[in-house]
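J.: Sharing a structure below in structure tokens format, with a few things to ask.
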Amino acid sequence: MATEVTVPVLGESITEATLGEWLKQPGDAVALDEPIASLETDKVSVEVPSPVAGVMGQHAVAVGDTVQVGAMIATIDAAGDAPAQAAAPTPAVTAAPAAAAPAPAPAPAAAPAEETQGDGPAALSPSVRRAVLEHGVDPATIKGTGKDGRITKEDVEAAASAKPAAAPAPAAATAPAPAATGGRKEERVRMTRLRQTIAKRLKEAQNTAAMLTTFNDVDMTAVIEARAKYKDLFEKKHGVRLGFMGFFVKAATMALKDIPSVNASIDGDDIVYHDYADISVAVSSPGGLVVPVIRDAQDLTVAGIEKTIGDFGKRAKEGTLKMDEMKGGTFTISNGGVFGSLMSTPIINPPQSAVLGLHRIEDRPVVRDGQVVVRPMMYLALSYDHRLIDGREAVTFLVALKNAIEDPTRILIDL
């Protein structure tokens, strides 16, 4: 007897998702609670577990289809039906070449793509398939390092970087082909649900808020020296590396306490002030930028903040962040400096009223005590909703943050 697999409840106000990939193919053995599919929601990817142990039945929807909460997407056959289920596809597979032999032309390109997705050790996600096409590597030759042996985008890039050294001759042989055709290629890829949501929310923020950005710079000498002095002891005691974000998050919570409007939000004609600081931190994932929330960051130590951020970053790459971890947030910090950004004007994340942008650290000449010296400097950018936050408050917030970073002792004594 077959058991239906339905789309689980995805979170408050989320009624639909997009089928990102099938993790199990018809005929595969499935254990209880083993993930069989991955759904892309507005915020994160969600794995659909099998409700029973048995054999994967038929897929009711295809990759890329939009599915509603509660809709049936596949069936799981009882374990006792495994032999029949496994035997059934065999005649079709053996008959297919005979039927296709007289007329192989209709779908020569589609067949390899389906084999690559379904017959390999694991299904390929959309981002991995794009990487395979871009780098021109054979996924069958790549050993996956992801969950359950799945191939990740990093695996494809590593294989691509090793490819020229391993096989220079074939590369030279194929090079003349594009030149001979003289054509230029385009690839049309549907936006993921996450990317669509990011685009929609950012445009709504621009249309709704009266956004303004103010800048300052900060001398990172003291933090860099403290990090260099204590990083080994810190990692040995806390099991996590000491980065710069721990200092900035802690300093931000102190500045938010002094300037509460930066931590507030607009709800209709009301202003909502928060006596807590739930800090959203932007981290990269294979599907795009995601913003998990550090709850009650004002009560955490620098070590606690670093542990939380490290955990978020790891699970963002694995696609295992939970929906509840993406909700809420009273203030956002985005660190574009890790990608080399010198300066930017970040866009606020509604209903929040402000976002802090961090940038790369760069040695620059500055004047100290009448002397020109070289110091590691970083630009800070605070974008804010001018409907709620005045320029004086925005500048005061940045100065308070700057003072805490340039003299980390202030963080210890809450000054």
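The values are calculated or read from the model by the stated rules, or taken from the named source; none is laboratory data. Bear in mind the structure is a predicted one, so any value in this text is a computation, not a measurement. Counting neighbours? That spans all protein chains shown, and the Cβs are built from the backbone with ideal geometry, glycine included. To get the accessible areas, we keep the full protein, side chains included, count just its heavy atoms, and leave off ligands, DNA and RNA. Shrake-Rupley method; radii C 1.70, N 1.55, O 1.52, S 1.80 Å.
J.: Shape of the stretch 346-406 from its Cα gyration tensor (a ≥ b ≥ c, root eigenvalues): rounded if a/c is under 1.5, otherwise prolate when a/b > b/c, or oblate?
T.: Prolate, since a/c reaches 1.5 and a/b exceeds b/c.
J.: As I understand it, the dipole of the stretch 191-246 uses +1 on the Cβ of Lys and Arg and -1 on the Cβ of Asp and Glu, about the Cα centre. Which of 221, 206, 246 lies farthest toward its positive end?
T.: 206
J.: Then there is this: At 1.4 Å probe size, put 248, 339 in order of accessible surface, largest to smallest.
T.: 339, 248
J.: Next question. Return the distance in nm (one decimal) between the two label points of a simple spin-label model at residue 222 and residue 318, each offset 7 Å from Cα along Cα→Cβ.
T.: The modelled label-to-label distance comes out at 3.7 nm.
J.: In debye, nearest 20: dipole of the stretch 347-406 around its Cα centre with unit charges on the Cβ of K, R (+) and D, E (-)?
T.: 80
J.: Which pairs break 26 Å Cα to Cα here: 153/236; 143/237; 153/314; 153/185; 229/257; 250/322?
T.: Flagged as over cut-off: 153/236; 143/237; 229/257.
J.: Counting Lys and Arg as +1 and Asp and Glu as -1, each charge on the Cβ, what is the dipole of the stretch 5-79 about the Cα centre in debye, to the nearest 20?
T.: 100
J.: Assuming a ≥ b ≥ c are the square roots of the Cα gyration tensor eigenvalues, decide whether the stretch 1-64 counts as rounded (a/c under 1.5), prolate (otherwise, with a/b larger than b/c) or oblate.
T.: Taking the square roots of the gyration eigenvalues as a ≥ b ≥ c, the stretch 1-64 is prolate.
J.: With +1 on the Cβ of every Lys and Arg and -1 on the Cβ of every Asp and Glu, and nothing else charged, how large is the dipole of the stretch 254-295 about its Cα centre, in debye rounded to the nearest 20?
T.: My answer is approximately 300 debye.
J.: On to the next question. Once fully extended, how much extra length lies between residue 236 and residue 373, figured as 0.36 nm per residue of separation less the alpha-carbon to alpha-carbon distance?
T.: 45.9 nm
J.: Return the long-range amide H neighbours of residue 375 (sequence gap of 5 or more, or a different chain), with a cut-off of under 5 Å between placed amide H atoms.
T.: The list, which skips near neighbours in sequence, is 364, 366.
J.: Moving on. How charged is the neighbourhood of residue 315? Take every other residue with its Cβ under 10 Å from the Cβ of residue 315, and add Lys/Arg as +1 and Asp/Glu as -1.
T.: Net local charge, residue 315 excluded: 0.
J.: Quickly work out the residue 275-to-residue 14 label distance, labels modelled 7 Å from Cα along the C-beta direction, and quote it in nm with one decimal.
T.: The two pseudo-label positions are separated by 3.2 nm.
J.: Sort 249-260, 387-398 by the packing proxy (mean of other Cβ within 10 Å over each peptide's residues), most packed first.
T.: 249-260, 387-398
J.: Pull out a ≥ b ≥ c, the square roots of the eigenvalues of the alpha-carbon gyration tensor of the stretch 282-399, then state rounded if a/c is under 1.5, prolate if not and a/b is larger than b/c, and oblate in the remaining case.
T.: In terms of gyration-tensor shape, prolate.
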